[in-house]
1. First select every other residue whose beta carbon is under 12 angstrom from the beta carbon of Leu316; then total the charges, Lys and Arg +1, Asp and Glu -1.
2. Keeping to pairs on different chains or 8 or more places apart, tell me how many lysine pairs in region 5-126 have Cα atoms under 15 Å apart.
3. Once you put a point 7 Å from the Cα of Glu326 and another 7 Å from the Cα of Glu66, both along the Cβ direction, what distance in nm separates them?
4. Averaged over all directions, how much area does the convex hull of the C-alpha atoms of region 56-205 cover when projected, in nm²?
5. State whether the chain is rounded, prolate or oblate according to the following rule on the C-alpha gyration tensor (a ≥ b ≥ c being the square roots of its eigenvalues): a/c under 1.5 gives rounded; otherwise a/b larger than b/c gives prolate, and the remaining case gives oblate.
6. Mean separation of Cα pairs under 8 Å and 6+ residues apart, divided by the residue count of the chain: what relative contact order is that in percent?
7. Which trypsin sites (Lys or Arg not before Pro) in region 68-114 sit in a loop by DSSP (not H, G, I, E or B) and have at most 15 other Cβ atoms within 10 Å of their own Cβ?
8. Using the crude model of +1 on Lys and Arg Cβ and -1 on Asp and Glu Cβ, and no other charge, please compute the dipole size for the chain relative to its Cα centre, in debye to 20.
Amino acid sequence: STISKNSLKASLLQLECYFTWTLLKEDVDLDDLVERQDDQIKFMKESNITSYNLLSYIYHLKNSNEEALRSLQKAEEVIKQHHPEEIARRSLVTWGNYAWIYYHMKRYEEAQTYVSKVENSCKNLSSASHWKIHLPEVSAEKGWALLSFGGKYFERAKNCFENALKIEPNNPDFNAGYATAMYRLEGLACRSYEEVNSSLEPLKRAVELNPNNTFIMGLLALKLQDLKQVDEGERYIEEAMQKTPDFPYFLRYAAKFYRRKREPWKAVEILKKALALTPKSAFLHHQLGICYRGNVFRLQKTRNPPQEQVEKLIQLAIFHFKIVTEQKTKFVAAYSDLANMYAVGKRYEEAEETFQEVLHRNNLSCMEKQELYFHYGNFQRFHMKSESKAMKYYIEGLKMQEDSYGRNQCREAAETLLKQKIERGLGDTADFGKLGLIHNLNGEKQKAIECYEKAIALDPSNEEYLNALLELQLSL
């Protein structure tokens with residue numbers, strides 16, 4: 001009956017589970033997420049409940065509700081095995097997912113059964129109102145789920161772990177989640193020039209509470225490396241290598257550490273080992289591509305580079321970057337990496353196609369666009385020898401006012417290009433006008449005025465520059 005269906009829907013919206021946490025499928029690649037969860041289940045014994053619950057939600061998004069139910073059964077098995085004393089407490093999210101999936105399958109009786117299970121358990125677990133019970137495990141599971149959906153979700157993830165830590169400040173898992181979220185947020189912030197708190201202390205605390213969590217040790221080592229404390233970082237890497245020599249989630253960070261320490265061959269060796277364990281990991285393919293690319297550039301700087309070896313490395317880099325773009329279609333930077341590598345290998349048509357594929361998307365963030373315009377501008381400038389097209393894209397990136405690493409790169413490239421031209425005595429009205437625009441977009445009004453004056457001296461009747469100059473003079 002419709003009445004019960006409506007009241008059922010109202011109850012479902014009260015549940016704390018993946019279906020009420022606003023995890024949007026357009027922000028991830030579902031197949032890649034399935035792959036990652038399968039790997040985690042294989043290599044991480046403790047977090048399987050979360051992985052199975054997340055898988056059930058992903059399978060639902062992929063329209064395989066039967067498969068979703070199978071994942072939830074597995075989650076229940078893990079709960080019985082690892083938490084026989086607290087089955088109700090540990091099952092709230094799983095039962096919430098069950099209720100939603102049955103609802104979507106139009107099996108309303110079964111959906112209602114699970115809603116009631118959650119309701120009754122919440123009553124028994126807390127004296128508070130029958131729905132809103134704040135269990136730290138649920139907050140933490142929500143935090144891990146948010147982390148797996150990408151950058152837009154990191155801030156919310158951090159808040160979830162903070163809430164869990166208010167209740168259990170010494171819980172090793174919650175501390176690990178909080179430190180991971182902080183580390184990821186810092187990575188995003190440094191590309192957009194925002195200030196965030198350092199992840200160093202949270203990472204150190206998480207390692208203290210959890211000396212066997214080598215995943216966190218790897219992050220701490222990378223953080224120490226960022227802070228130029230390389231030797232201390234390496235001690236953590238070596239200790240973790242002893243503890244878990246075959247754990248891909250640690251190996252990927254060890255490889256990154258050695259790549260950044262300029263020991264690429266060591267990094268490649270570790271990555272190949274990790275890839276043998278998780279052959280479809282996009283992260284590992286990306287890191288391998290970066291290592292091979294680095295070796296290409298290193299060889300190209302030498303006198304008489306061995307051409308065959310360079311060719312082979314270019315092919316390898318392309319091979320690995322291509323896998324990343326096929327698997328993680330939302331990972332925009334990987335497309336720039338692939339396109340740039342095609343260009344280095346003089347495969348210009350493929351480079352152009354790869355760039356065009358992402359340039360035409362309409363769901364890119366401001367930061368992604370700015371970095372993309374910078375790379376595409378460079379491709380036009382250095383490979384296609386078109387300074388005017390390069391200029392157009394650098395300026396596009398600059399016009400987007402959000403401050404970021406990519407915007408800065410666009411600005412520097414555009415300024416350098418124009419100044420070189422002007423110093424060679426080849427600067428025309430348009431060049432001074434563009435330089436004026438760049439200074440203006442950067443808030444350097446006095447410099448902008450000087451440039452517009454030079455442009456007008458060369459072309460006194462140019463209305464565009466006269467107007468720009470007038471506006472600037474009025475704004476001072």
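The values are calculated or read from the model by the stated rules, or taken from the named source; none is laboratory data. Bear in mind that the values here come from a model prediction, so they are computed numbers and not experimental data. Backbone-built Cβ (ideal geometry, glycine too); neighbour counts: all protein chains shown. The protein model used for the area step is the full one, side chains on, heavy atoms only, and it has no ligands, DNA or RNA in it. Shrake-Rupley method; radii C 1.70, N 1.55, O 1.52, S 1.80 Å.
1. Combined, the nearby Lys, Arg, Asp and Glu give +3.
2. 6
3. Here the answer is 2.8 nm between the modelled labels.
4. Computed as one quarter of the Cα hull surface, the answer is 10.5 nm².
5. It is prolate, given that a/c is not under 1.5 and a/b is the larger ratio.
6. Reported relative contact order: 8 percent.
7. In loop regions of region 68-114 (DSSP not H, G, I, E or B), the sparsely surrounded trypsin sites (Lys or Arg not before Pro) are Lys106, Arg107.
8. Dipole about the Cα centre, nearest 20: 700 debye.
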